[in-house]
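One structure is given here, and the rest of the page talks about it.
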Amino acid sequence: MRTDTLLEQLCKINAIAGFEASASNEIKEIFGRYCDKVWVDTFYNVIGYKKGSSKNGKKIMITAHYDQIGLIVTGYEKNGFLRVSNLGGVDTKALLAREVTVHGKKDVFGVIGAKPPHLLSGDEMKKNVKLTDLFIDTGLPDEELKETVAVGDPVSINSQFVRMVNGCAAGRNLDNRCGVAACVLALEKLKNIEHENDVYVIATVQEEAGLIGAISSSYNIEPDIAVVIDVCHGDMPEADKASTFTLGKGVPVGVGPAFNKNVTQQLLKLADQEGIPTQLCVEAGDPGTEAWAIQVSGMGIAVVEVCIPLRYMHTGAELVNLEDVDTAAALVSKFAAGRTVRLSKEDADDTDTD
Amino acid sequence: MIELVRELAGTYGPSGREDEIRGVIRKKISGKVDELYTDTLGNLIAVKKGNGKRIMLAAHMDEIGVVATYIEENGFIRFSNIGGVSPVFSLGQRVRFANGVCGCVCYEEKLKEPKDLNFSKMFIDIGTNSRERTMEYVSPGDIAVFEAGTIEQNGRYISKALDDRIGCAVLIELIGQLNEVKNEIAFVFTVQEEVGLRGAGTAAYAIKPDLAVAVDVTNTGDTPGCNPLSIELGKGAAVMIKDGRTISHPLVKNKLIDLAKRFDIQYQLEVIEKGGNDAGSIHTTAGGIPSGGVSIPCRYMHSPCEMVDAGDVKNVVKLLKAFIQSED
Ligand SMILES: [Zn+2]
């Protein structure tokens, strides 16, 4: 499947953190094309299963969250305005003057109102706008608004998926639909690779609201090894070099206490052998991804992480390089197949295998 | 109801020291349920047997308090907080230790700015004048709760510790009202909610319910100069959509709303940014348990004069009764 077509389809889906139920079937349908079995669990995690060819294979879990950040209605103001709070880590600056969809009884178009600069006081000019200062202007008469939209209804940001000339794509929800796309592409590749391991590819829910889907999935699946695919920060002018990564120059692989050292080394070695470009993404502690929750699930799980660099995270104009999505899929599928990687008991961190 | 609320709210039971309150609750419900036991952490679990869905209702029985950390030479007690205690609210209040000894919460007089008020500048005076005398009654590690009576006025209950003894009262009331149930209902009086939702998760892990509902209090947005919040005292049971820890599971949330509509039970919808209740630890337990909350709107939370509406409490009981009896 073409990466851009797939990603465009995925980005159109509305799966706001905690409100993924309605979107789960579409993800299930896409996963289903390449899996032996696919199901949706009680929390709307979508699990695609590919059986391994050997009884001695390992259980590999690959996760990418499919929820997106958004807003939630908290109350009404007169004249068709709604008050809101956040679902996940929204950037209020980036919300100003955005077009949104309020998912009430029916979808309602709205804009996030911003005071024009002419009306801002000197103090207001300097301060970042608070979420409590933001309103959604729906233009609906108050009675109709109350009839259509309830407190607690989710709100998504409107934004088109755009193909750029340099092989990049821009739009909303690329965090982490590009990870989900890599999962689908990896499943597609696994159809043509003989693999000993049982592979569970999971599009998880509520990552943005506290890693909820990762916590429930890792408990239910109990994998031997988990691979998290998520975004990291892409390079841009003026940004800190240590925490940003060049687009199109290979996929950053997580390094740090959250990630199993030996399995990560095997992953990097495999990438080397296969000529798949990687970078190193150093995380001193909590990487802010599902790896942190999966690692301590049950009796502990060896986790590795493959990242896709993304610019302008948590805004309506995120940007990724499509080539990175393909690279992530190539690396993850090869790794999961376990043809060159030794996945043995000695994978525990405290064993010296060097 | 007021008698039950008064007895529960007046009983000592800060986080980690729930023995006394658990004893009181146990007495009230023993003989009315099929199973009654205390787990390792101290959660009190009461089960009504049934063959349908397994449903867990959780109300925390712990309350906020203060813990003695150091005894000054002249007998004054330095202290720290157990749970979300506000230095401002504590000022000038009386506290009571497990042995019944009371103290006054005061502050260092040199302190000029209210914003500089914190527990390190405050102390408890139990009326002694030496470390030795104080130590006869209070040692570091001893925990005290705030002391305040319970009244009913203008259709409201006003008391300390309504968070969450009012939730405990709701569960006790439900146990009393239920006869035969189709579903299996686990009424859980949890420990250590105020210090990080510690008890509910382990109880849920053992019970493994199909659905869970936390029954706790929630803030209101109906007092002068408060932050905007669409919850009002007297406007019905609050069905939780989201708090700082949990986005309610659609199965639970939708069922509650449908039942409220069907049985014409007054309700409101709750979206809270910060803070979380027991649902927060239940819903991530054992591979995920669909969870939500039904809250009792409460003004001045974590103060010695918390206020809830008696009608709201009735509506919470009605809604939860419909929920646990519902067979679909
Ligand atoms: Zn509470």
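The values are calculated or read from the model by the stated rules, or taken from the named source; none is laboratory data. Model, not experiment: these values are computed from the prediction. Reconstructed Cβ throughout: ideal geometry from the backbone, glycine too, with neighbour counts over all protein chains shown. The accessibility values were calculated without ligands, DNA or RNA, using every heavy atom of the protein model including side chains. Shrake-Rupley method; radii C 1.70, N 1.55, O 1.52, S 1.80 Å.
When the solvent-accessible area of the protein assembly as shown is split by element, carbon and sulfur atoms take up 49 percent of it, the probe being 1.4 Å. The three principal axes of the C-alpha atoms in chain B carry coordinate ranges of 64, 43, 38 Å, sorted with the longest axis first. When the P(r) of segment B:65-147 is calculated, the portion above 21 Å amounts to 20% of the C-alpha pairs. The share of alpha-carbon pairs in segment A:266-305 lying farther apart than 17 Å comes to 44%.
In segment A:199-230, burial by the other protein chains removes 10 Å² or more of accessible area from A:Gln206, A:Ala209, A:Ile212, A:Ile215, A:Ser216, A:Tyr219, A:Asn220, compared with the chain on its own (1.4 Å probe, ligands and nucleic acids ignored). Specify whether the C-alpha gyration tensor of segment B:199-295 places it in the rounded, prolate or oblate class, a ≥ b ≥ c being the square roots of the eigenvalues: rounded for a/c under 1.5, otherwise prolate if a/b is larger than b/c and oblate if not. Judged from the Cα gyration tensor, segment B:199-295 comes out oblate (a/c at least 1.5, b/c at or above a/b). 3J(HN,Hα) along segment A:253-267, derived from phi through the Karplus expression 6.51 cos²θ - 1.76 cosθ + 1.60 where θ = phi - 60°, amounts to 10, x, 10, x, x, 6, 10, 5, 5, 5, 5, 4, 4, 5, 5 Hz, with x in place of Gly and Pro. If one takes the accessible area of chain A alone plus chain B alone and subtracts that of the pair, with a 1.4 Å probe, what total in Å², rounded to the nearest 100, results? That pair hides around 1900 Å² of surface in total. Rounded to the nearest 500, the 222 nm mean residue ellipticity of chain B from helices alone is -8000 deg cm²/dmol, with -39,500 (n - 2.57) taken per DSSP H run of at least 4 residues.
Summed over the residues of the protein assembly as shown and divided among them, the accessible surface reaches 42 Å² per residue at a probe radius of 1.4 Å. Taking Cα atoms only, the orientation of helix A:212-221 departs from the longest principal axis of chain A by about 30 degrees.
Across the options A:His233, A:Cys168, A:Thr42, the greatest Cα extent toward the positive end of the charge dipole of chain A (unit charges at beta carbon of Lys, Arg, Asp, Glu) belongs to A:Cys168. Structure shown: which of B:Lys32/B:Lys53; A:Lys59/B:Lys274; A:Lys12/A:Lys59; A:Lys28/A:Lys261; A:Lys146/B:Lys321 lie over 30 Å apart, alpha-carbon to alpha-carbon? Too far apart for the 30 Å limit: A:Lys59/B:Lys274; A:Lys12/A:Lys59; A:Lys28/A:Lys261. Here the Karplus curve 6.51 cos²θ - 1.76 cosθ + 1.60, taken at θ = phi - 60°, turns the phi angles of segment A:94-109 into couplings of 6, 8, 4, 6, 7, 8, 9, 10, 8, 8, x, 3, 9, 5, 10, 6 Hz, with x standing for Gly and Pro. Set Lys and Arg Cβ to +1 and Asp and Glu Cβ to -1, take the dipole of segment B:271-328 about its Cα centre, and tell me which of B:Ser303, B:Ala279, B:Gly292 lies farthest positive. Of the candidates, B:Ser303 comes out farthest on the positive side. Please state the charge dipole magnitude for segment A:184-265, taken about the Cα centre, from unit charges on C-beta atoms (+1 on K and R, -1 on D and E), reported in debye and rounded to the nearest 20. Dipole of segment A:184-265, to the nearest 20 debye: 220 debye. The reciprocal of the average 1/r between distinct C-alpha atoms defines the Kirkwood hydrodynamic radius, which for chain A equals 21.0 Å. Spatial offset of segment B:56-85 relative to segment B:207-240 amounts to 25 Å, using the alpha carbon center of each. From helices alone, chain A scores -8500 deg cm²/dmol at 222 nm; the rule is -39500 (n - 2.57) for each run of n ≥ 4 DSSP H residues, then divide by the residue total. Under a cut-off of 13 Å between alpha-carbon atoms, report the aspartates and glutamates in cross-link reach of A:Lys37, not counting same-chain residues fewer than 8 places apart. Excluding near neighbours in sequence, the set is A:Glu29, A:Asp198.
Centre-to-centre, using Cα atoms only, segment A:66-110 and segment A:6-50 are separated by 23 Å. Ordering B:Ile64, B:Leu44, B:Gly236 by the projection of their Cα atoms onto the charge dipole of chain B, which places +1 on the Cβ of Lys and Arg and -1 on the Cβ of Asp and Glu, puts B:Gly236 at the extreme positive end. Placing +1 on each Lys and Arg Cβ and -1 on each Asp and Glu Cβ, with no other charges, gives segment B:65-147 a dipole about its Cα centre of roughly 180 debye.
For A:Ala150, nonlocal amide neighbours, meaning residues 5 or more places apart or on other chains whose placed amide H falls under 5 Å from its own, are A:Lys105. A simple count of charges around B:Lys318, restricted to other residues whose Cβ falls under 11 Å of its Cβ and scoring Lys, Arg +1 and Asp, Glu -1, yields -1. For chain B, the longest principal axis of the Cα atoms and the long axis of helix B:19-29 meet at an angle of about 30 degrees. Which whole-angstrom value gives the distance between the alpha carbon centres of segment B:137-206 and segment B:267-313? Using only Cα atoms to place each centre, the spacing works out to 12 Å.
Shown for segment B:232-249: residues covered by the partner protein chains by 30 Å² or more of accessible area relative to the chain by itself (probe radius 1.4 Å), namely B:Ile241, B:Lys242, B:Ile247, B:His249. Given +1 at the Cβ of Lys and Arg, -1 at the Cβ of Asp and Glu and no other charges, the dipole of segment A:218-298 around its Cα centre is 220 debye to the nearest 20. Given in Å, the Rg to one decimal and the Dmax to the nearest whole number for the Cα atoms of segment B:241-328 are 13.7, 41. Against chain A, whose longest principal axis is taken from its Cα atoms, helix A:3-12 shows a tilt of about 40°.
Give the Debye-formula value of log10 I(q)/I(0) at each listed q (0.07 Å⁻¹), with one equal scatterer per alpha carbon of the protein assembly as shown, two decimals each. Values, matching the q order: -0.53.
Counting Cα-Cα pairs of segment B:123-258 in 5 Å increments starting at 0 gives whole-percent bin shares of 2, 6, 12, 16, 18, 14, 12, 8, 6, 4, 2, 1, 0.
Shape summary of segment A:121-175, radius of gyration then Dmax from alpha carbon positions: 17.3, 48 Å. Going from the isolated chain to the complete set of protein chains, segment A:54-91 loses at least 50 Å² of heavy-atom accessible area (1.4 Å probe) at A:Arg83. When the inverse distances between all different Cα atoms of segment A:70-157 are averaged and flipped, the Kirkwood radius reads 13.2 angstrom.
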